[in-house]
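Q: Questions regarding the structure given below will be posed in turn.
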Amino acid sequence: MKVQETFVLCKGIGPKADAKIRQSGILNWQMAIDCPELLPLSPKKTESLLSELEGLIEDLNKSRWEQLVQKLPNCEHWRVLEDRQKTCSYFDIETDGLSMYEGSPTVICCLHKGKMHTYIQGENLDDFPELLLDIDQLVSFNGASFDVPYIQTYFNIPTLPCAHVDLRWICHHKGLKGGLKSIEKELGLIRDDDIDGVDGMEAVWLWERYERYGDNASLKRLVKYCQADVWGLEVLAKEVSYL
């Protein structure tokens, strides 16, 4: 597994030390445990590293992915995506434009186990936390800064019950800069004409039209826009895993 091929999860091991370890012929956690004499570290650092690796292997064996993700630098989160592509769930939210402390989500879309789940304010929005309990690994774009804290505040969830990976920073470190839609275009992904060009501000406006005037066409367009973001995340996750 790719996550076992890096040592930057361990205290005191940065990119340079990680590269030195692998240049010495130690290519994964188990090799370090089996051949500690090859580690290019001081005896004290070697002892500390081996102790941490035993804990990491236990986390891995017990599928404690949320702990592993937290220890990985953002630029290394692609390893988790590549290892666990089949168990990822992708999500995106739209909001009423207010802050996470005053506003609320209007639409939440989540691709989970091959099925698109859609939650709409005033209909079934409060069912979303139940879906979260069935999710193994959640993937978003800029979710660490916005989507995740927003739903945590709204639903009063102190911590997510699953691991979370933010594609924004993986893309950034892979050389794909900008927002989700600009990255999609860079990769040659094309959205349907009726939602091409829709952005977060228009999403707020679409919800206002639906809420004030009962404009179902606006709601339909908003939902399609949110779902398109989620479908794009799945494609993007596969792309960055192999860049």
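Q: Checking the conditions here, which among Lys86, Lys62 is under 19 Å from Val235 (Cβ atoms), loosely packed, with under 15 Cβ neighbours inside 10 Å and at pLDDT below 95?
A: Residue meeting the stated conditions: Lys86.
Q: Looking only at helices (runs of 4 or more DSSP H) that lie completely in segment 128-229, which have at least 3 residues being of a type in the set (Val, Ile, Thr) and touching a Gly at 6+ places or on another chain (Cβ under 9 Å)?
A: Of the helices (runs of 4 or more DSSP H) lying wholly inside segment 128-229, none has at least 3 residues that are of a type in the set (Val, Ile, Thr) and touching a Gly at 6+ places or on another chain (Cβ under 9 Å).
Q: Which one is surrounded by the most Cβ atoms within 10 Å (Cβ to Cβ) among residues in segment 168-195 that are farther than 17 Å from Trp78 by Cα and of a type in the set (D, E, K, R)?
A: Glu184
Q: Shifting gears a bit: Here are some residues: Phe141, Phe128. Which one is buried (at least 17 other Cβ atoms within 10 Å of the Cβ), touching a strand residue (DSSP E or B) at 6+ places or on another chain (Cβ under 8 Å) and more than 21 Å from Leu236 (Cβ to Cβ)?
A: Exactly one residue qualifies, and that residue is Phe128.
Q: Restricting to segment 31-50, name every residue that is loosely packed, with under 14 Cβ neighbours inside 10 Å and within 14 Å of Val8 (Cα to Cα).
A: none
Q: If you don't mind, there's one more thing I want to ask. Quick test of your reading of the structure: Pro73 fulfils all but one of (1) outside the structural domain of Phe155 (by TED's automatic domain parsing); (2) surrounded by 15 or more Cβ atoms within 10 Å (Cβ to Cβ). Name the failing condition by number.
A: It fails just one condition, (2).
The values are calculated or read from the model by the stated rules, or taken from the named source; none is laboratory data. These numbers come from a predicted model, not from an experiment. So basically every Cβ, Gly included, is an ideal-geometry build from the backbone, and we count neighbours across all protein chains shown.
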